[in-house]
1. Going by what's in this entry, would B:GLY23 be described as out of contact with any Cys (no Cβ under 8 Å at 6 or more places or on another chain), on the phi > 0 side of the Ramachandran plot and either outside any loop (DSSP other than H, G, I, E, B) or within 14 Å of another protein chain (Cβ to nearest Cβ) (or both)?
2. Do we find a residue being assigned to a helix (DSSP H, G or I) and either more than 29 Å from B:MET262 (Cβ to Cβ) or acidic (Asp, Glu) (or both) anywhere in the stretch B:83-98?
3. Do you know which residues across the stretch A:409-439 are loosely packed, with under 13 Cβ neighbours inside 10 Å and assigned to a loop (DSSP other than H, G, I, E, B)?
4. Taking strands (runs of 3 or more DSSP E) that fall entirely within the stretch B:129-176, which contain at least 3 residues that are touching a residue at least 60 places away in the same chain (Cβ under 8 Å)?
5. B:MET194 passes all but one of (1) more than 30 Å from B:LEU424 (Cα to Cα); (2) outside any helix (DSSP H, G or I); (3) of a type outside the set (Lys, Arg); which number fails?
6. Could you identify the single residue in A:ILE337, A:ILE348, A:ILE330 that is within 20 Å of A:ALA247 (Cβ to Cβ) and within 14 Å of another protein chain (Cβ to nearest Cβ)?
7. Mind checking which residues of the stretch A:207-236 are assigned to a loop (DSSP other than H, G, I, E, B), closer than 16 Å to A:THR171 by Cβ and not small (Gly, Ala, Ser)?
8. Answer yes or no as to whether B:VAL257 is of a type in the set (Val, Ile, Thr) and surrounded by fewer than 18 Cβ atoms within 10 Å (Cβ to Cβ).
Number of protein chains: 2
Amino acid sequence: MQLFKKSANKIKVMALGGLNEVGKNMTVIEYKDEIIVIDAGLSFPDDDMLGVDIVIPDITYLIKNRDKIKGIFITHGHEDHIGALPYILKKINVPVYGSKLSIGLIQVKLKEHKLNNVKLNVTTPRQIIKLDHMDVEFIRNNHSIPDACSIAVHTDQGIIYHTGDFKIDLTPIDGDVMDMHRICELSKKGILLMLADSTNAERPGSTLSEKTVGLGLYDLFRKAENNRIIVATFASNIHRLQQIINAAERFGRKVAVSGRSMVNVVGVASELGYLDVPENMLIDLNDLHRYEDSEVVIITTGSQGEPMSALARMASSDHKKVEIRNGDFIIISAHPIPGNEKLISKVINCLFEKGAEVVYDEVDIHVSGHAKQEELKLIHRLARPKFFMPAHGEYRMLKKHAELAEELGMPSQNIFVNKTGDVLEIDRNSAKVTGTIQTGNVLVDGLGVGDVGNIVLRDRKHLSEDGLMIVVVTISKEEGRVLAGPDIISRGFVYVRESEDLMDGAKNVIKDVLRDCEDKNIKEWAYLKNSIKENLKEYLYQRTKRNPMILPIIMEV
Amino acid sequence: MQLFKKSANKIKVMALGGLNEVGKNMTVIEYKDEIIVIDAGLSFPDDDMLGVDIVIPDITYLIKNRDKIKGIFITHGHEDHIGALPYILKKINVPVYGSKLSIGLIQVKLKEHKLNNVKLNVTTPRQIIKLDHMDVEFIRNNHSIPDACSIAVHTDQGIIYHTGDFKIDLTPIDGDVMDMHRICELSKKGILLMLADSTNAERPGSTLSEKTVGLGLYDLFRKAENNRIIVATFASNIHRLQQIINAAERFGRKVAVSGRSMVNVVGVASELGYLDVPENMLIDLNDLHRYEDSEVVIITTGSQGEPMSALARMASSDHKKVEIRNGDFIIISAHPIPGNEKLISKVINCLFEKGAEVVYDEVDIHVSGHAKQEELKLIHRLARPKFFMPAHGEYRMLKKHAELAEELGMPSQNIFVNKTGDVLEIDRNSAKVTGTIQTGNVLVDGLGVGDVGNIVLRDRKHLSEDGLMIVVVTISKEEGRVLAGPDIISRGFVYVRESEDLMDGAKNVIKDVLRDCEDKNIKEWAYLKNSIKENLKEYLYQRTKRNPMILPIIMEV
């Protein structure tokens, strides 16, 4: 019984995503018979996940333990923290807690998924949700979306403090500085474990205040006095939107909004009071022609060059309402997310070709939402946790963050650079990784959640590289005689019309195999199929150095 | 006749690649009945060119005018300047001119392609190849490969000066500074048109000397005194290799080389005297175990994270001879080429996970090979051309370079931001784009050159996103009765075993269509196929929100 009791006082901390990756953030904390979940994010597919729309965490563990789950606590409303919610809530309908803006954005999402029986709870900073063994407290922080929070979990073993995505902005747009006072109070009580955002752990210095971007925008608006101005940024960066609107107001310009998510966010954020838009400032895209170029700003999605985004459509003359003209002044107020560099570059080139001036990649038109090394050091000094686990980031970021913590004097055995699925068991005296739980990527493709796996992806990759060749033959069941075919159909392999010779050769290879089988009176279709496949593969590789997928089909009549 | 005469004195300058793109550099200069070609480069496929190996220029124009071509003049031995040569020489066998190293690297390439009847001519700086109407002069410049040259074409209308890829390195490793004296002499004679490398036209300042990297390497070698050191860089950057070898010598380390292209280049460069390797310094990878970690350096390919490269294989424990160990010190001496960021990141994370220290993305372990704004200004001031055409780079780079030229006082009408295929006609008094010639991308996939085009790529894309579904039915010719099938085969669409219900539904849809056709006695197979396709598409999209490629096949018996 001693053993059981001991283990009963251990808190388990497990990430279902967000470690060794950027995105798909989800952390599970389990104590006694209670489980709480922090965030439920998605990530975007890697290049080798062909055709996949989004990736969500494998929540097998949560489904198995659904009765213990008290709720999902959301730190902020970014996709990598809320994007998996609709899929997860379909499996486990538990209450969701979050700030007003987070819940507002979640509502839009759930509505799209026709989920209307979820219990959503709006929380305010310093509010504590009392559970049986854990009390969950929201603590204001700063990030590239308003109303972002850290989360502190109070237990009788000590406090677990999860920073969430954060930076420390001493001059934030809404005036709400990260609640360092509360962190100091918690520290005094004793923070047992800190999980902290490692996204920028490789970067020295401090992240600049969002306010600096406002000054950069003013300068550019002044410079582009007589031109139409188009600003592309992340829809969720509402403080950025506010600063664009402020600049527009200062220079007497109307604002039009383009892009579905931008329109959504401007709607939700204005309604909930996070965006202060002067009366009569917003105009419809259809009314742009009524104004001089110097009288308007268009705020648009597409800062990452996404091919279907509004800015990309403008760049390729595919936007129904906005045509890029000579003299347009375009500000891309964002940094490329790794992997998007070429997409953005393509859009920028197209915009330039249309005669627009494009400002991008400049220091004072974008700042990060994540703490850099000096801010991380500060949070470590304030929180003074006993144990530490870097959270959110690729391995190299987690590693650097761990090194940083060591530099600050933490013993290395108190630092846990974990993988998703690792179970960290912790009590007031000790912490240890004791095992792993099932977790991983669940791929979402259209309506299918998890029905695209390795085999399907392997086939898609094969098809994408060399296409396919289908061989159909109809054979009489009794005599084993070829009644029709072989017919060959290829797709994604070669221009068939220019390769008649190759196709004739392929047909001859198949005919030889068929004749051989007829002669030998072989009626085992598996053998025949395999023989066609092997011979054809050899022939095609010899002739083309390509390996299309070969699909032999035998129809028995 | 007057008209003809006039036009007879015009020089035509046309790019077949390298404008509005990075790579595939190829410029054609035509005067009277003579054509010379400068460079014959390849580019690497865009993300949407699925399965394509490399991209080369469309040389239809050269094939049509093959009798006029006097030679291909190579500025330097990088793939984006020589990579298309084997393919082009198979179509038009003309003499090739280039520096000793360029020709050495070309020889390796031609050997691989079993081309042994090409006339290769080694040229030296300031050497002039005399043709009937054009004299072609090689002029030493600096770049990230030794023995790089600019090219000046002397005509009775004036000089056309093509910088080639260049930077101005005042302390180059081999001591050979760009031949600015010769450029001044040419300028005095009168440079009619300058084509200049715009790759770094967006970057202020000057590119650092290659020598600075040597100092950075020394510092790191000192820091990693007791560790095994692995340095990844571009194989062709022989000066970089020299500096790594120098550092190895200074710290008493042996050098092992990994990666096919690295082994090739070290061989060719040592043989031709471009790489000075102390005796007994090179060791075989197989002998690594005979040395202490502190006694060796491994030079490897893979600085761009290329999945099949030596470094990537080391990172994924897939390298036969090198296993990454705790404490290994790895230097990535290169910047990511746009598009490769995620690949490199993946490799770095794997190396970190294996306990290695990885140094990357630091200023003093890599420098660019291309001139930045201050160097470009200098070359404009030295050359003082009458007309100017930015060369080599995406549109935005060409544009910035043009702006730079204007800032220096060139009239904007004398600057030509051209597209590939544009024909710039020029004589001593005037220059004008007068038309275009056929050009574009020729895709190379395996042995196929140009047999993969838009339709094949579109199919590959379609297949890669949602896979395919094949429907086969055997029908009796006379009665129109279904004899066998419908059979359904799918690949890359869904896990079939977990989607039996979906497949049964699909079969029923097809059966309905077949029955309907039987009832109506329709024997037009095109109609039947189309009907199956439409109905199945609708059904599958409803059920899955996916659009696999649907291939109905009717076998007539």
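The values are calculated or read from the model by the stated rules, or taken from the named source; none is laboratory data. Just so we're clear, the structure is a prediction, and the values are computed from it rather than from any experiment. Counting neighbours? That spans all protein chains shown, and the Cβs are built from the backbone with ideal geometry, glycine included. Heads up: the accessible areas ignore ligands, DNA and RNA and are worked out on the full protein's heavy atoms, side chains in. Shrake-Rupley method; radii C 1.70, N 1.55, O 1.52, S 1.80 Å.
1. yes
2. Within the stretch B:83-98, one or more residues are assigned to a helix (DSSP H, G or I) and either more than 29 Å from B:MET262 (Cβ to Cβ) or acidic (Asp, Glu) (or both).
3. Correct list: A:GLY409, A:PRO411, A:ASN429, A:SER430, A:GLN438.
4. Because the criterion is at least 3 residues that are touching a residue at least 60 places away in the same chain (Cβ under 8 Å), the strands (runs of 3 or more DSSP E) in the stretch B:129-176 that meet it are B:149-155, B:158-162.
5. If we test B:MET194 against (1) more than 30 Å from B:LEU424 (Cα to Cα); (2) outside any helix (DSSP H, G or I); (3) of a type outside the set (Lys, Arg), just (1) comes out false.
6. A:ILE330
7. A:THR207, A:LEU208
8. Answer is no for this residue.
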